[in-house]
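The values are calculated or read from the model by the stated rules, or taken from the named source; none is laboratory data. Predicted model only: the values in this text are computed from it and were never measured. Note: ideal-geometry Cβ built from the backbone for every residue, glycine included; neighbour counts use all protein chains shown.
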């Protein structure tokens, strides 16, 4: 796999492609980041972007993880003391999951976001950005939540963080696209250069395949889940024997979250995947790539129950080090 393919593996979108190709030509020492709001235990959404950071480290890039404590405070996630305790827990989980500690820079937002220069630049960005544009970049509010001024400032800070962290590439889930586009549209008004962006997919809802998997709504998989909990969640997952299910009669589009978890979590971290099953059901089968497994599931050669049990086993292996880290931190 060449460097550009490694950098963009499993990316939903690259903006713009030519700038990322330039980075791929000389990746050594280039700085890339993802920002995480310290609001709880790492879940499968965090780990999808972490997989991409691991790819970028393999490509030779320097990874910056922003532990966004000020952002979390603005989002009502607790006192700074509580938020920083959670941030340190998250830092340990990322390392346990596979980020190379010696090649990862963990930065608190409060280390630079409270400085005078940053604050003045933020005010300049507030002056040059319309309220309508800032609102379009806001995160979706949960049901019943009332928008506050802090919710509008939040994406402006995210756009500015990319400059202050001296980055070459910004990475995030596809839900961060609107913030990255805000950066690319508005940051030049402050005299700064825009940076390219890479967006990872959003995993479908585990139980229905409709919409996105969310830690605030529905079922997700987290680093504190036991082996039994992972098995229960995966065995209960929506898994039709097709890669691209047809929309429901009411127009609801569904994806296969079991296949997505294989594609975006398991195959990037394991050279091959072995499905163990009795001889009477075909015996063990090993897959060297995602497409082969997906094709067998679609054709009926691989039963959904066998796919689920295999997925649960591999996810458990990925999550086990972080689960143990959490146990040690809490004792």
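Results, tabulated for the structure shown:
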{"item": "Check on residue 114, in contact (Cβ under 8 Å) with a residue 24 or more places away in the chain and in a loop (DSSP other than H, G, I, E, B)", "result": "yes"}
{"item": "Test for residue 131: is it without any contact (Cβ under 8 Å) to a residue 40 or more places away in the chain, out of contact with any strand residue (DSSP E or B) (no Cβ under 8 Å at 6 or more places or on another chain), surrounded by fewer than 18 Cβ atoms within 10 Å (Cβ to Cβ) and farther than 25 Å from residue 82 by Cα", "result": "yes"}
{"item": "Residue in segment 138-151 that is crowded, with 18+ Cβ neighbours inside 10 Å, assigned by TED's automatic domain parsing to the domain that holds residue 67 and in contact with a strand residue (DSSP E or B) (Cβ under 7 Å, 6 or more places away or on another chain) present", "result": "no"}
{"item": "Selected residue (criterion: surrounded by the fewest Cβ atoms within 10 Å (Cβ to Cβ)) from residues of segment 6-37 that are more than 21 Å from residue 212 (Cβ to Cβ) and in contact with a strand residue (DSSP E or B) (Cβ under 7 Å, 6 or more places away or on another chain)", "result": "29"}
{"item": "Residue match in segment 59-68 (condition: more than 24 Å from residue 159 (Cβ to Cβ), modelled with pLDDT of 95 or more and assigned by TED's automatic domain parsing to the domain that holds residue 146)", "result": "yes"}
{"item": "Selection from segment 136-154 of residues that are over 21 Å from residue 212 (Cα atoms) and touching a helix residue (DSSP H, G or I) at 6+ places or on another chain (Cβ under 6 Å)", "result": "150, 152, 154"}
{"item": "Hits in segment 45-73 - residues which are crowded, with 21+ Cβ neighbours inside 10 Å, out of contact with any helix residue (DSSP H, G or I) (no Cβ under 6 Å at 6 or more places or on another chain) and part of a loop (DSSP other than H, G, I, E, B)", "result": "61"}
